[in-house]
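What follows is a short report on a single structure.
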Amino acid sequence: MGDADARADGPGRTAPSRRALLGWGGAGLALGAAAAGGTAVALRGDVAGTAGAGTAVPFHGPHQAGIATPVQDRLHFAAFDVTTKDRAELVALLKEWTAAARLMTAGRPVGEGGFGGLPEAPPDDTGEALGLAASRLTLTVGFGPGLFAKDRFGLAGRRPDALVDLEPFPGDNLDRARSGGDLCVQACADDPQVAVHAIRQLARIGFGRTAVRWSQLGFGKTSSTTPEAQTPRNMMGFKDGTRNIAGTDTAALGRHVWAAARDGSPWMAGGSYLVARRIRMNIETWDRTSLQEQEDIFGRDKGEGAPVGRSNEHDEPFLPAMKPDAHVRLAHPDSNGGARLLRRGYSFTDGTDGLGRLDAGLFFLAYQRDPRTGFIPVQRRLARQDGLNEYIQHVGSAVFAVPPGVRDASDWWGRTLFS
């Protein structure tokens, strides 16, 4: 977004006023627990300067940024419960969130900023990102199944068929406190403080109408939408996302990621469906497993990342050469009727579990055109056969309909659904 666009959407137009924010004071405190204490500060890199050329991802477009966008280094993901019962209040919230997101993704503070205003009122911006670059911040919003519940907001008849409640898979040990949500916001940036600030700001604006249900910090992207770049590694030390859909592969994105009007829900055209899974890894057990077994479980060598029997990580895998329960073999499109997912996962470490074991693993994020032909059949196969199951457990789960992008300065998140 250019600077002129940012000015057009400034506090004089659609951003919430300082007087309107008077009733929201203190809402940022709710993010203390959600942001996992001081973890964000500990993870923060040395990012200096102000928003400028090359640091801001365009906010407007047919698709939301943060899906096919080159994956940033850090994540703060939050799921919200909608606490208001008034449809008009929910629409107003989405408009206010959109206005704030336009500014933050351009590296600008919300409203009148974090200081210099009325001493008697809370500042319009919480202030911890002042002076930081935009850091390629993207904000991506999704709508959970609960938003479409009957007699809630009059949306029951507009729930997409593809927005299915995820079935319980074998081996799941889901924590309800880390699952579900009416709304989600995915904040990705190259500076963790920028990502945390964005979620905190939206939660503050939403105070009285939404409440944070759960959130997750992520680091060390485990999948890439830029296959020409170095493939990242997960917490088990293996390269992940080698065969991910590229953000520049318009044909694959159109076939596997972007929803279309002919799919049955015209308001979702240009959107996508997000499955989020918190996958805890049994790190201590994995670290005592032999290298050969680790490589057999994944179906790749640990050094180069090449498939079994191949020499380069990007070589086409020869699936029969792998163990029947190898992860790559079971997750490959050839084993799943051609199903492909666009993954944007991140590693996480959330301290220990009280027994001296790391609470660490993969925060799995996958976008697809339809979970019924994407994530669900793939996960059914993995849950029953994957040798990796001995070392992982799915402990959190959610699914969201991610609406199309915000087209211009007059548009807002969810307009196609509510109009």
Within a Gaussian network of the chain (alpha carbon springs, distance under 10 Å), most fluctuating of Thr222, Thr55, Thr352: Thr352
How many angstrom lie between the C-alpha centres of segment 137-160 and segment 168-242? 19
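How large is the dipole of the chain about the Cα centre if only Lys and Arg carry +1 and Asp and Glu carry -1, each at its Cβ, rounded to the nearest 20 debye?
Working: 48 positive and 47 negative charges, 196 e Å.
Around 940 debye, computed over the chain.
In segment 56-155, which chymotrypsin sites (Phe, Trp or Tyr not before Pro) fall in coil by DSSP and have 13 or fewer other Cβ atoms within 10 Å?
On the way: sites: Phe59, Phe77, Phe80, Trp97, Phe115, Phe143, Phe148, Phe153; in loops: Phe59, Phe115, Phe153.
Sites meeting the loop and neighbour criteria: Phe115.
Taking only DSSP H segments of four or more residues, each worth -39500 (n - 2.57), what value at 222 nm results for the chain once the sum is divided by all its residues, to the nearest 500 deg cm²/dmol? Walk me through the intermediate numbers first.
Numbers: 12 runs with 91 residues, N = 419.
Result for the chain, helices only: -5500 deg cm²/dmol.
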If one takes the longest principal axis of the Cα atoms in the chain, at what angle in degrees, from 0 to 90 and to the nearest 10, does the Cα axis of helix 87-105 lie? 80
What distance in nm separates the simple spin-label points at Thr285 and Arg262, each placed 7 Å from Cα in the Cβ direction? 4.6
Find which of Pro266, Gln393, Gly337 sits farthest along the positive direction of the dipole of the chain, computed with +1 on the beta-carbon of Lys and Arg, -1 on that of Asp and Glu, about the Cα centre. Pro266
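Calculated FRET efficiency, Ala251 and Leu355, Cβ-Cβ r, R0 35 Å, to nearest 0.05?
Numbers: r = 48 Å, r/R0 = 1.38.
Efficiency, rounded to the nearest 0.05: 0.15.
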Where a ≥ b ≥ c are root eigenvalues of the Cα gyration tensor, a/c under 1.5 meaning rounded, otherwise prolate if a/b exceeds b/c and oblate otherwise, segment 223-349 counts as prolate
Looking at the chain as a GNM with Cα springs under 10 Å, which of Leu330, Leu291, Leu217 has the largest mean-square fluctuation? Leu291
Within the under-11-Å Cβ sphere about Lys239, not counting Lys239, Lys/Arg +1 and Asp/Glu -1 give a net charge of 0
Expressed as a whole number of Å, what is the distance separating the alpha-carbon centroids of segment 319-397 and segment 51-111? 28
Within 10 Å, at most 11 other Cβ atoms, and a DSSP state outside H, G, I, E, B define an exposed site. Report the longest part of the chain free of exposed GluC sites (Glu not before Pro). 229-419
Return the lysines within reach of Lys150: Cα separation strictly under 22 angstrom, same-chain partners fewer than 8 residues apart disregarded; answer none if there are no such residues. Lys85
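Within the set of other residues whose C-beta is less than 14 Å from the C-beta of Ala162, count the net charge using Lys and Arg as +1 and Asp and Glu as -1.
Values: positive: Arg158, Arg159, Arg262, Arg369, Arg372; negative: Asp161, Asp165, Asp263, Asp370.
Overall, the nearby charge balance is +1.
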What lysines sit close enough to Lys221 to cross-link, taking a C-alpha to C-alpha distance under 17 Å and skipping anything fewer than 8 places away on the same chain? Lys239
Near Lys302, which aspartates and glutamates are there with a Cα under 14 Å away, not counting those fewer than 8 places off in the same chain? Asp240, Asp287, Glu293, Glu313
At 7 Å along the Cα-to-beta-carbon direction for both Asp175 and Glu316, put a label point, then send me their distance in nm to one decimal. 4.3
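Read-outs throughout are calculated quantities, based only on the coordinates presented, and are distinct from any laboratory measurement. No experiment lies behind these values; they were computed from the predicted model shown. Reconstructed Cβ throughout: ideal geometry from the backbone, glycine too, with neighbour counts over all protein chains shown.
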